[in-house]
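The values are calculated or read from the model by the stated rules, or taken from the named source; none is laboratory data. None of these values were measured; they are calculated from a predicted model. Positions of Cβ are generated from backbone atoms using ideal geometry, with glycine treated the same way; all protein chains shown enter the neighbour counts. Ligands, DNA and RNA are stripped out before the accessible areas are found, and what is left, the full protein with its side chains, is counted by its heavy atoms. Shrake-Rupley method; radii C 1.70, N 1.55, O 1.52, S 1.80 Å.
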Amino acid sequence: MSMPRDFLIEMARKYALSPEQEDAFVIWFSSNKTELEIATELHISNSALTTRMSHVYKKFSINGKGPGKYGRLLNFLTAEYRKCKASDSPTSNLSEDELNDLVQEVRQNCREMIQDQCGTMRLLTMSQPIDVSDLYTNVNILEKITSHRRREIDELLQDCNPKNFDRFGLGRVTDKRILGLEAVDKYSKLIVLGKPGSGKTTFLKYLAIQCDRGKFQAHRLPIFLTLKQFAETEGKPSLLEYITQMFSDCDVSADQIAVLFKHGKALVLLDGLDEVKDEDNNRVIKQVRDFSDKFRTNHFVMTCRIAAKNYTFDKFTEVEVADFDDKQIATFARKWFQAKEEGKSEEFIQQLRENNRIRELATNPLLLTLLCLVFEGSAKFPGLRSELYEEGVDILLRRWDETRKIEREQVYKNLSLQHKKDLLSQIALTTFQQGDYFFKQKQLEQYIFDYIRNRPDSQNDLEALQLDSEAVLKSIEAQHGLLVERAQKIYSFSHLTFQEYFTAIEIVKNSETSALDSLASHILASGWREVFLLVAEQLPSADKLLQLIKQEIDGLIAEDMQLQELLNWVSQKSSAISVSHKLYAVRTFYFEIALLIDHALFSELDCDDFFFPTRNEADAYALCHSIDICFKHELSYFRNADINPQDRKLAPVLEIYCTLPRLLFDTRYLATVEKETGPFKTIEYDSLYFTIPRDIALVIDCCIHPDTKGLQAALSQLNNRLPSENKNSINQEWEYEELERVMEWWNEHGQVWFEDLKLAIVEHCNIGNDWQFNSEQYEVLHQYHEAHLFLMECFNSASVNTSHEVREEIKETLLLPIAEIPNRNNNN
């Protein structure tokens with residue numbers, strides 16, 4: 001006689017058979033196979049099978065020898081099976097329609113409980129709960145666990161732009177994603193893994209609400225429970241007893257729950273395996289494994305933090321919650337702000353797009369919630385980004401668990417919150433200095449080992465310290481998510497922003513040593529820019545840092561006499577002008593002219609590629625505008641009409657000189673117009689092309705050079721040489737015949753005409769000098785220019801912690817040749 005497998009499995013668990021004994025027992029009593037066939041199926045010998053079954057008989061207290069043991073155990077099992085059948089509820093043989101009616105009835109009875117458990121959420125500093133369905137954003141699932149990938153560091157770096165590090169490329173996962181709901185439908189037993197704050201609990205709550213409303217797996221009853229609460233329930237009930245008790249408060253009987261489980265009508269949602277205390281862990285894992293085996297026709301979804309536990313659930317499929325992408329971030333923001341001020345969500349999204357460093361935090365739903373809360377009050381992100389990062393780190397290190405009353409077992413209990421930050425800061429600075437965004441697990445464990453060993457209270461057992469290092473790493477990953485495994489045994493910080501932030505903290509902490517000198521040496525490295533800004537705003541006094549940066553910038557061209565001659569010219573031209581503005585402002589003006597005009601007039605290179613990469617005229621004002629904002633002085637004459645008329649003369653001059661290069665090198669523009677397109681109407685851009693001499697004559701006067709009359713005469717002569725159509729071209733329509741005459745003149749005489757124009761500018765204005773710089777010198781000038789722009793950013797970051805004396809010292813020595821700087825400093 002063969003027995004039902006489900007019943008035999010239940011009896012094996014009841015009598016605590018080992019997995020090997022259970023396999024032999026179930027096959028032995030559920031089939032009519034011979035001993036040889038059973039041994040072959042189990043891949044063991046006949047003697048091994050006999051030994052295994054002898055232990056089974058002992059577990060059931062069937063003693064003695066000979067074949068009679070089989071009959072006695074079979075009789076016992078038959079009697080137990082009949083008892084189970086006799087105790088079955090009358091509802092156990094319901095039809096499918098009746099079962100569905102039962103599901104609906106139980107749902108109706110427990111709807112209030114499910115709504116209370118799963119209907120709302122309240123995170124961080126929310127003033128009140130919010131409906132889960134109102135905020136839920138579709139979760140994407142990775143079917144391949146990120147940390148299981150076999151990849152090398154070089155492969156991970158392929159997603160990163162080495163010149164301007166692609167912040168979203170850090171750990172980017174390109175594997176196919178599927179919707180979370182699809183994954184639950186696809187796999188009947190699912191473990192959803194994710195980093196802290198990745199939205200695992202919200203996902204389970206959403207599943208419960210959607211199922212309860214009949215919008216997802218409508219034929220099942222949602223059963224949501226927190227494994228931590230189950231583990232700590234008084235009396236240590238079984239999982240079935242706990243669920244039965246939970247539903248008894250809703251007038252749902254144990255028989256009804258048993259029937260639904262028996263017929264696979266439950267969607268069991270088990271939240272937070274990682275939150276179970278170590279002392280309860282083995283019992284909870286066994287309960288979940290046994291329960292899901294016994295009621296295997298039901299659907300099970302369990303959540304756990306990545307790397308949180310060492311567990312084995314052979315029949316569960318592991319998947320991972322993917323980080324939010326841009327679309328999910330935008331959806332979440334629109335839902336968050338939908339009941340608030342109109343248009344705020346779009347402002348939020350736009351400001352995120354403009355700030356990659358903050359935007360990368362938004363890929364984590366918990367940190368995205370923090371950003372929304374911060375933005376909600378002032379419609380902007382904090383001026384001091386370090387304050388925002390500090391709050392994000394505090395949430396992950398402490399507050400997220402505290403708000404949910406979760407106490408985790410820690411292998412590093414002796415490390416205070418500050419010690420954890422110190423450890424992460426040392427790791428960040430060490431790896432950042434080496435240019436490492438990804439690092440091997442052994443390397444990371446060594447950093448932790450060194451930190452623990454150098455603590456006064458560390459133990460002397462090096463082997464124990466090494467074991468502690470591995471455990472500390474796994475705890476930081478599982479509990480805080482600040483370090484994550486990107487591929488097998490390859491780690492990084494969860495966000496490059498956090499690596500930069502912790503690097504800055506370590507530099508500020510050691511600012512009295514040589515840390516600032518070392519930092520200043522990275523002024524040309526774009527990857528260090530955020531660290532500079534974070535350090536500048538966190539230092540008690542940023543004077544030394546700004547002075548060091550200025551020295552590094554001055555040193556870029558200090559040894560090149562040709563480039564120093566350019567700065568001499570800038571200084572002389574500035575000193576010769578009588579205007580009310582500070583000399584550094586006028587030096588900025590002439591430095592821009594030297595870069596934009598002289599390079600275009602005398603270089604074979606295309607100036608658009610060099611200083612107009614976006615063909616945007618605003619680029620010409622970048623340095624002037626940056627200094628203007630930083631120092632709040634009168635450089636606004638480039639934009640403001642309500643100023644001293646004498647000073648305003650500089651504005652159109654700069655405009656002409658900024659536009660001239662592209663016009664001089666775009667002589668083929670009109671020639672490309674197809675004749676079949678009809679009459680050609682010149683626009684302002686093209687009109688300026690044909691009337692440069694007249695416009696220059698109107699705007700250049702004695703504020704630039706005393707020889708204005710000579711220049712005006714030269715320009716007048718040049719203007720007279722132009723064809724008559726060319727002179728009167730503003731806002732007129734040309735027929736093709738006229739255009740052809742003009743182009744014919746330009747093709748024949750244009751080159752000579754432009755050479756004469758350049759000579760006139762050089763002779764009468766001392767502008768347009770042929771410096772004869774080589775490509776390497778132009779590249780250094782570009783670096784010098786960009787470094788000054790960045791210096792202004794650092795000034796803004798350190799606006800409240802820089803002394804007046806240092807600010808004045810740096811302003812007065814901006815763009816000066818190296819020989820003049822000591823004199824200016826002495827004068828100050």
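Taking Ile243 as the residue in question, decide whether it is under 18 Å from Asn138 (Cα atoms) and hydrophobic (A, V, I, L, M, F, W, C). Spelling it out, it is not the case that Ile243 is under 18 Å from Asn138 (Cα atoms) and hydrophobic (A, V, I, L, M, F, W, C).
Taking the residues in the stretch 463-476 that are open to solvent by 10 Å² or more (accessible area, probe 1.4 Å) and touching a helix residue (DSSP H, G or I) at 6+ places or on another chain (Cβ under 9 Å) as candidates, determine which candidate is modelled with the highest pLDDT. My answer is Glu470.
For the stretch 301-310, state whether one or more residues are open to solvent by 50 Å² or more (accessible area, probe 1.4 Å) and either of a type in the set (D, E, K, R) or in a helix (DSSP H, G or I) (or both). Working first, answer last.
First pass over the stretch 301-310, keeping only residues open to solvent by 50 Å² or more (accessible area, probe 1.4 Å): 310.
Then drop every residue that is not either of a type in the set (D, E, K, R) or in a helix (DSSP H, G or I) (or both), which leaves none.
No.
The stretch 223-269 holds no helices (runs of 4 or more DSSP H) entirely within its bounds that carry 1 or more residues that are surrounded by 21 or more Cβ atoms within 10 Å (Cβ to Cβ), within 39 Å of the chain's Cα centre (by Cα) and β-branched (Val, Ile, Thr). Just one of (1) modelled with pLDDT under 90; (2) farther than 30 Å from Ala231 by Cα; (3) surrounded by 18 or more Cβ atoms within 10 Å (Cβ to Cβ) trips up Lys489, so point out which. Failed condition: (3). Going through (1) at pLDDT below 85; (2) open to solvent by 90 Å² or more (accessible area, probe 1.4 Å); (3) of a type outside the set (A, V, I, L, M, F, W, C); (4) over 19 Å from Lys294 (Cβ atoms) one by one, Arg5 falls short only on (4). Could you tell me whether Gly272 is over 16 Å from Phe291 (Cα atoms) and either in contact with a strand residue (DSSP E or B) (Cβ under 6 Å, 6 or more places away or on another chain) or not charged (D, E, K, R) (or both)? Answer is yes for this residue. When the residues of the stretch 196-221 are filtered to those that are within 15 Å of Phe300 (Cβ to Cβ) and out of contact with any helix residue (DSSP H, G or I) (no Cβ under 8 Å at 6 or more places or on another chain), the one that is most open to solvent (accessible area, probe 1.4 Å) is Lys200. Any chance the stretch 263-281 includes a residue that's among the acidic types (Asp, Glu) and touching a Phe, Trp or Tyr at 6+ places or on another chain (Cβ under 8 Å)? Yes, some residue in the stretch 263-281 is among the acidic types (Asp, Glu) and touching a Phe, Trp or Tyr at 6+ places or on another chain (Cβ under 8 Å). Criterion first (modelled with pLDDT of 85 or more and out of contact with any strand residue (DSSP E or B) (no Cβ under 7 Å at 6 or more places or on another chain)) does Leu181 satisfy it? Considered against the rule, which asks whether it is modelled with pLDDT of 85 or more and out of contact with any strand residue (DSSP E or B) (no Cβ under 7 Å at 6 or more places or on another chain), Leu181 comes out as yes. Here the stretch 529-558 is the region considered, the condition is being surrounded by 20 or more Cβ atoms within 10 Å (Cβ to Cβ) and not aliphatic (A, V, I, L, M), and the residue that is nearest to the chain's Cα centre (by Cα) is Glu530. Can you tell me which of Ser18, Ser31, Ser47 is over 19 Å from Met3 (Cβ atoms), open to solvent by less than 40 Å² (accessible area, probe 1.4 Å) and out of contact with any strand residue (DSSP E or B) (no Cβ under 8 Å at 6 or more places or on another chain)? That would be Ser18, the only listed residue that is over 19 Å from Met3 (Cβ atoms), open to solvent by less than 40 Å² (accessible area, probe 1.4 Å) and out of contact with any strand residue (DSSP E or B) (no Cβ under 8 Å at 6 or more places or on another chain). The requirement of being among the charged types (D, E, K, R) and either buried (at least 17 other Cβ atoms within 10 Å of the Cβ) or under 18 Å from Val276 (Cα atoms) (or both) is not satisfied by Arg296.
If only residues of the stretch 311-353 that are assigned to a loop (DSSP other than H, G, I, E, B) and among the hydrophobic types (A, V, I, L, M, F, W, C) are counted, the one that is nearest to Arg289 (Cα to Cα) is Phe313.
What tally of residues in the stretch 559-568 results from selecting those that are more than 19 Å from Met792 (Cβ to Cβ), of a type in the set (A, V, I, L, M) and surrounded by 15 or more Cβ atoms within 10 Å (Cβ to Cβ)? Steps first, please.
Going through the stretch 559-568, the residues more than 19 Å from Met792 (Cβ to Cβ) turn out to be 559-566, 568.
Those still in the list that are of a type in the set (A, V, I, L, M) too: 561, 563, 566.
If we keep only those that are surrounded by 15 or more Cβ atoms within 10 Å (Cβ to Cβ) as well, we get 563, 566.
Selection size over the stretch 559-568: 2.
Taking residues in the stretch 274-288 that are surrounded by fewer than 18 Cβ atoms within 10 Å (Cβ to Cβ) and in a helix (DSSP H, G or I), and partners anywhere that are at pLDDT 90 or above and not hydrophobic (A, V, I, L, M, F, W, C), the pairs with Cβ atoms closer than 9 Å and at least 6 places apart or on different chains are Asp280/Lys228; Asp280/Glu232; Asp280/Lys236; Arg283/Lys236. Against the condition more than 30 Å from the chain's Cα centre (by Cα), farther than 14 Å from Ile114 by Cα and buried (at least 21 other Cβ atoms within 10 Å of the Cβ), how does Leu193 come out, does it pass? No, not satisfied. Under the condition of being closer than 26 Å to Leu483 by Cα and of a type in the set (Val, Ile, Thr), the residues counted in the stretch 263-284 number 1.
Restricting the stretch 312-332 to residues that are of a type outside the set (A, V, I, L, M) and open to solvent by less than 40 Å² (accessible area, probe 1.4 Å), which is nearest to Asp278 (Cα to Cα)? Quick ask: steps written out before the conclusion?
Here is the first cut: in the stretch 312-332, the residues of a type outside the set (A, V, I, L, M) are 312-318, 320, 323-328, 331-332.
Right, trim to open to solvent by less than 40 Å² (accessible area, probe 1.4 Å) and you get 313, 316, 320, 324, 328, 332.
On the way: Phe313: 17, Phe316: 21, Glu320: 23, Phe324: 31, Gln328: 35, Phe332: 35 Å.
The extreme case among them is Phe313.
Okay, residues lined up against (1) under 21 Å from Leu260 (Cα atoms); (2) modelled with pLDDT under 85; (3) under 58 Å from the mean Cα position of the chain (by Cα):
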site	(1), (2), (3)
Glu20	no, no, yes
Phe29	no, no, yes
Glu41	no, no, yes
Asn63	no, yes, no
Phe76	no, no, no
Ser89	yes, yes, yes
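Scanning the stretch 508-518 for residues that are among the β-branched types (Val, Ile, Thr) and buried (at least 23 other Cβ atoms within 10 Å of the Cβ) turns up nothing.
Just one of the listed residues (Leu424, Leu444, Leu429) is within 30 Å of Lys228 (Cα to Cα), in a helix (DSSP H, G or I) and either modelled with pLDDT of 90 or more or touching a His at 6+ places or on another chain (Cβ under 6 Å) (or both), and it is Leu424.
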